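Values in this text are rule-based calculations from the coordinates and carry no lab data. All values derive from a computational prediction rather than experimental measurement. Glycine gets a Cβ as well: all are built from the backbone with ideal geometry, and neighbour counts include every protein chain shown.
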Amino acid sequence: MVNQIYIPTAPASEDQNRIAIELQAPLTRRGYAPGLMLVILGGRKGLQQRNEQYADLQKFQSVIKDWPLLTMLSCIPLPELDLLNETEFAVAHIKEGVNYAAQLPFDTQKTITFHLGSLVTEEEFRSKSQESWRNEFHRIIQPRLKDIATYGKEHGVTVKVETTPVPEFGDIPDTDQRNYRGVRLNQLRNPFYLTHQWGFEQIKDSPLSLCLDICHNRTIYEAVQRDEYEGILFPEDIAVFAGSKLLDDVTKLDSGDLVHLNDGRGLYSQKAGTVFEEGVTLGEGDIRDLDKIIRILDGKHVPYVLEINETDFKNRPNTKKSIDYLLQRGVQK
């Protein structure tokens, strides 16, 4: 096996399930092992539609009966994963996600992933030091993560925490009027951005594992390099990140972790009025060392999801192009 590759699907959509399964064919011929990432839309309401989703997946049981299934919880509605401000509500949502995964009608490996949706306003972000915010993580969030880890283990479900970009909604322009906690979404900040410098160790001490989203973490290093970090990153981190790069995050992963493999483009900038793009087709974005990143993942057998943005979900052309990118590199021995 070269590596394990998951393709995303909306589990209640027969068309999406079919194309996600079909997309695996050229990968499996080249020695990759298949899997599906079940994207749950609508938060807890999406989880409550499990019976319809299970039924549609069972239409493909003869093919996917032994494929590992990865469930990704939606971060919207925002309060449902806000472990800082709506802590017990968020924990209940995550445990419902564990139940959803555990009850999938397949005898196979089951995993869930979720964001640390610990969102604050820029004013709140600036009101505490790096040390104070990290104390808040250990006081409020880490005990709940330990509880979630225990719950997952009891139910036979692996739990992984996904990294987020900075700012978390920096792909949304100022013209978008959606808001949370009284501010536009792109003005929200997350004081617990996860990197090899801080965060990876704390998640694994919980003890959970990591889901590194490549296009998310690239924004951290790009923000420092382009001098766009004010009010987004802690001042104490700037010098540290200036001497680091995304590749350093990748090298800290092990085979128990997971990656959302994608490209990224651009950067959020209040001054320039720009936003970044997530989930860009492999090879069409700004991520340097992308080929090297993939070689490291395959060499360490860190599995990944081809989480690529699409507008045509029936044909998935951008995912197809990303698969072509992988295959044209050749199988790395």
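Give Lys153/Lys314; Lys65/Lys300; Lys45/Lys110; Lys153/Lys300 a once-over and call out the pairs whose C-alpha atoms are over 31 Å from each other.
Violating the 31 Å limit, Cα to Cα: Lys153/Lys314.
Would you kindly calculate the translational diffusion coefficient of the stretch 232-333, applying Stokes-Einstein with the Kirkwood radius from alpha carbon pairs, for 4 °C and a viscosity of 1.567 mPa s, and quote it in µm² s⁻¹ without decimals?
After rounding, the answer is 85 µm²/s.
Scan the stretch 122-222 for trypsin sites (Lys or Arg not before Pro) in coil per DSSP, keeping those whose Cβ has at most 11 other Cβ atoms within 10 Å, and list them by number.
Here the sparse-neighbourhood loop sites are Arg178.
In Å, what Rg and Dmax follow from the Cα atoms of the stretch 4-329?
Computed over the Cα atoms of the stretch 4-329, radius of gyration and Dmax are 18.8, 55 Å.
Given springs between every Cα pair under 10 Å in a Gaussian network model of the chain, which of Thr87, Thr281, Thr108 has the largest fluctuation?
Answer for the Gaussian network model of the chain: Thr108.
Trypsin sites (Lys or Arg not before Pro), restricted to the stretch 8-99: which are DSSP loop and have at most 15 other Cβ atoms within 10 Å?
Taking the stretch 8-99 and a limit of 15 other Cβ atoms within 10 Å, the loop trypsin sites (Lys or Arg not before Pro) found are Arg30, Lys59, Lys65.
With both bridge residues required to lie in the stretch 4-329, what share of the DSSP beta bridges run antiparallel, to the nearest 5%?
DSSP beta bridges in the stretch 4-329 are roughly 20 percent antiparallel.
Only helical DSSP H runs with n ≥ 4 go in: add -39500 (n - 2.57) per run for the chain, normalise by residue count and round the 222 nm mean residue ellipticity to 500 deg cm²/dmol.
The helix-only estimate for the chain comes to -10500 deg cm²/dmol at 222 nm.
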